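I have placed the structure first, in the form of structure tokens, so that the comments after it can refer back to it.
The values are calculated or read from the model by the stated rules, or taken from the named source; none is laboratory data. Note that the structure is predicted; figures quoted are calculated from it, not measured. Cβ: placed from backbone, ideal geometry, glycine included. Neighbour counts: every protein chain shown. Just the protein is used for accessible areas: all its heavy atoms, side chains included, with ligands, DNA and RNA removed. Shrake-Rupley method; radii C 1.70, N 1.55, O 1.52, S 1.80 Å.
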Amino acid sequence: MGTLYTEILYRPLFNAVVFLYNVLPGNDFGIAIIALTAIMRIIFLPLSIKTVRSQKALNQLNPKIQEIKQRLKGDATNQSAEIMKLYKENKINPLSGCLPLLVQLPILIALYQAFIAGLKPENLSMLYSFVFNPGMIEKISFGFLDITSKTPLLAIFAGVAQFIQAWATKSQNQGQNLSKEMTALNSQMLYFFPIMIIVIGWNLPAGLVLYWVTTTIFSVLEQLYIKHRG
């Protein structure tokens, strides 16, 4: 199973980031990280749109679901049957919003691991024959950022970007029929998650924090795009 994961996901993404490092101007690994992250986010944009639309449809049914739970309180069997009937009548699959995320998760993990590998010259032996082996990866990006070292300022920026994403998500959900639990969770995530990102990013190599900043910014752009499209 590990070999299958390596050959189907991890190794191709590792080769892709080194290929971009070779062909993009300046042989800048930071730019290669941004470019590959952007490409992957664009590829998965249709799945992201599907996830948001599925969540909106579920939110619209929330008042009816809450009514069923109150009416059949203590009767879990009939409660579940009524809720599933409601989903069927409205042609909604409650798992449809989760499936795109499950598809993306192993790819995002492999992408993250590919960036870690790219920071270590000894992993260049995993390159395909048609991908030029640069011998070593230049660790200075943008002329000043050491992508192999801790960069607290970038970690703080990652936390700020995460706060903006959480705020955008909360704003996007305003007016929707969210459950009390989901509303409370969104409020907690607005402040807790950005702080957690800063704490984690404080001790990570700057290249990995740069990946997180890039994917967070693209998440915000995706939300704005989806909101604009309705």
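Things worth noting here:
- Residue 157 vs. criteria surrounded by 14 or more Cβ atoms within 10 Å (Cβ to Cβ), modelled with pLDDT under 90 and of a type in the set (Phe, Trp, Tyr): no
- Being assigned to a helix (DSSP H, G or I) and within 14 Å of the chain's Cα centre (by Cα) is a property that does not hold for residue 9.
- Filter result (of a type in the set (Gly, Ala, Ser) and modelled with pLDDT under 90) within segment 1-39: 2, 26
- The set of residues from segment 66-84 being closer than 17 Å to residue 94 by Cα and surrounded by fewer than 17 Cβ atoms within 10 Å (Cβ to Cβ) comprises 66, 69, 80, 81, 84.
- Scan segment 24-52 for residues that are farther than 16 Å from residue 221 by Cα, within 17 Å of the chain's Cα centre (by Cα) and not β-branched (Val, Ile, Thr) and the total you get is 1.
- Summed over segment 196-227, residues that are open to solvent by less than 60 Å² (accessible area, probe 1.4 Å), within 16 Å of the chain's Cα centre (by Cα) and either over 12 Å from residue 150 (Cα atoms) or without any contact (Cβ under 8 Å) to a residue 60 or more places away in the chain (or both) total 14.
- Test set (1) among the hydrophobic types (A, V, I, L, M, F, W, C); (2) loosely packed, with under 15 Cβ neighbours inside 10 Å; (3) modelled with pLDDT of 85 or more; (4) assigned to a helix (DSSP H, G or I) - residue 184 fails condition number: (3)
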